[in-house]
Amino acid sequence: MTDMASSTPCDVICIASWNADLVSRVARPIARGETLMAHSFEIQPGGKGSNAAVAAARQGAKVGVIVRIGDDDFGRMARALWAREGIVTEHVEVAANEPSGVAQIHVFDDGDNSIAVATGAGAGLGQANVDKACEVIRSAKVVMASNEVPQAATLAAFKLARAAGVTTILNPAPAMDLPDELIALCDVLTPNESEAQTLFGKGAAAIIVTMGSQGCAIYQKDKLTNTITGWTMNVVDTIGAGDTFTGALAAAIARGESLDQAAESANAAAALSVTGRGAIAAMPTLAQSQALEQKLKNS
Ligand code: RIB
């Protein structure tokens, strides 16, 4: 079952994953075979795609998601979130008899985390979902995806986007081999340092390597062209920081910022995102991230 197939135009289209994040806070990584008592447990909205979509929407972009969810409580949690965030859901497919995606997350006392994702209904996202949304993809300014969705869906969407002159952004997380065909269709890749290793030398137009509190580095045709200073924040946890960067970058490009300006905007948004619990609680509005950037200019 897909929502009514109308086509509200969007600035940013996200080929999205959705997960309910099952977050346990534990002192440290758990050893094999060990049981560790957690400090707390929460269920929060997550999924790299949905997180990036929320980030872009809070930065002022009109955002639509192309995504599969289950007909279950976690799927309803997704729909409630997207409604609250003003995200267009005309291309949400609700898959009967399939579970929504879930991510089991352990957040350690030092703020770092480890994540196991079971994609559930998201594993079925493919060409058919993209075909139904071809009109909104062609009329968008930016199309973004992550490695959490099947590559067939990303490839199909990025082919349509490239043919229509729409900017494509791929967050290559979690790290995995990417076919040269897909890399060639990416205008911007946003890996973290470990994900970046396999991407250089493959002809990507632009790679922005995100480095947490160290900021980010912009490479164009494999040459370092700019570095952006990081922020020192009170880190609660880093869940969704990379997704916030990608979503905020998409929103900034959609409103016409250059790649360097957009990376600065995304850097500020990602910095603020680590100051709250879970993926989306502290994702900033445009006014909030611009206020942080202003602070730097005034200092
Ligand atoms: O990037 C953070 C996200 O990764 C979490 O929200 C979790 O759902 C996994 O997809």
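Ordering Val274, Pro172, Ala204 by the projection of their Cα atoms onto the charge dipole of the range 153-299, which places +1 on the Cβ of Lys and Arg and -1 on the Cβ of Asp and Glu, puts Val274 at the extreme positive end.
Summarising the label geometry, the points placed 7 Å from Cα in the beta-carbon direction at Thr229 and Ala152 lie 4.9 nm from one another. Computed from the Cα positions only, the extents of the range 1-76 along the three principal axes stand at 50, 30, 19 Å, in decreasing order. Report the percentage of all Cα-Cα pairs in the chain whose separation exceeds 26 Å, rounded to a whole percent. Everything past 26 Å amounts to 39 percent.
Suppose we flag trypsin sites (Lys or Arg not before Pro) only when DSSP calls them loop and at most 11 other Cβ atoms lie within 10 Å. Which is the longest uninterrupted stretch of the chain? The longest uninterrupted stretch comes out as 33-220. Within the straight-line cut-off of under 18 Å between alpha carbons, the aspartates and glutamates reachable from Lys159 are Asp11, Asp131, Glu135, Asp180, Glu181, Asp187, sequence neighbours fewer than 8 places apart in one chain being disregarded. Putting +1 on Lys and Arg Cβ atoms and -1 on Asp and Glu Cβ atoms, find which of Thr119, Asn51, Ala133 reaches farthest to the positive end of the dipole of the range 40-157. Of the listed residues, the answer is Ala133.
Taking 0.36 nm per residue of sequence separation and removing the Cα-Cα distance, the Ser258/Ser194 pair yields an extension gain of 20.5 nm.
Each Lys and Arg contributes +1 and each Asp and Glu -1, all at the Cβ; summed about the Cα centre of the chain, the dipole is approximately 540 debye. Write down the percent of antiparallel bridges among all DSSP beta bridges whose residues are both part of the chain, to the nearest 5. Percentage antiparallel, nearest 5: 45. Kirkwood-type hydrodynamic radius, the range 150-268: 14.5 Å, calculated from all non-identical alpha-carbon pairs. Listed from fewest to most Cβ neighbours within 10 Å, the set Asp72, Asp177 follows the order Asp177, Asp72. Taken along the Cα-to-beta-carbon direction at a fixed 7 Å, the label points for Lys221 and Ala118 span 4.8 nm.
Each Cα pair under 8 Å and six or more residues apart adds its sequence gap; the mean of these over the residue count of the range 69-203 is a relative contact order of 17 percent. Positive contributions from Lys and Arg (+1) and negative ones from Asp and Glu (-1), summed over other residues with Cβ under 15 Å from the Cβ of Thr285, come out at +2. Applying 0.36 nm per residue to the separation of Arg76 and Glu293 and subtracting their alpha-carbon distance, the gain on full extension is 74.5 nm. Between Pro284, Pro174, Pro150, the Gaussian network model of the chain with springs among Cα atoms under 10 angstrom shows the greatest mean-square fluctuation at Pro174.
Bear in mind that the values in this text are calculations on the coordinates, not laboratory data. These figures come from a predicted structure and were not determined experimentally. Here the Cβ is made from the backbone with ideal geometry for all residues, glycine too, and neighbour counts use every protein chain on show.
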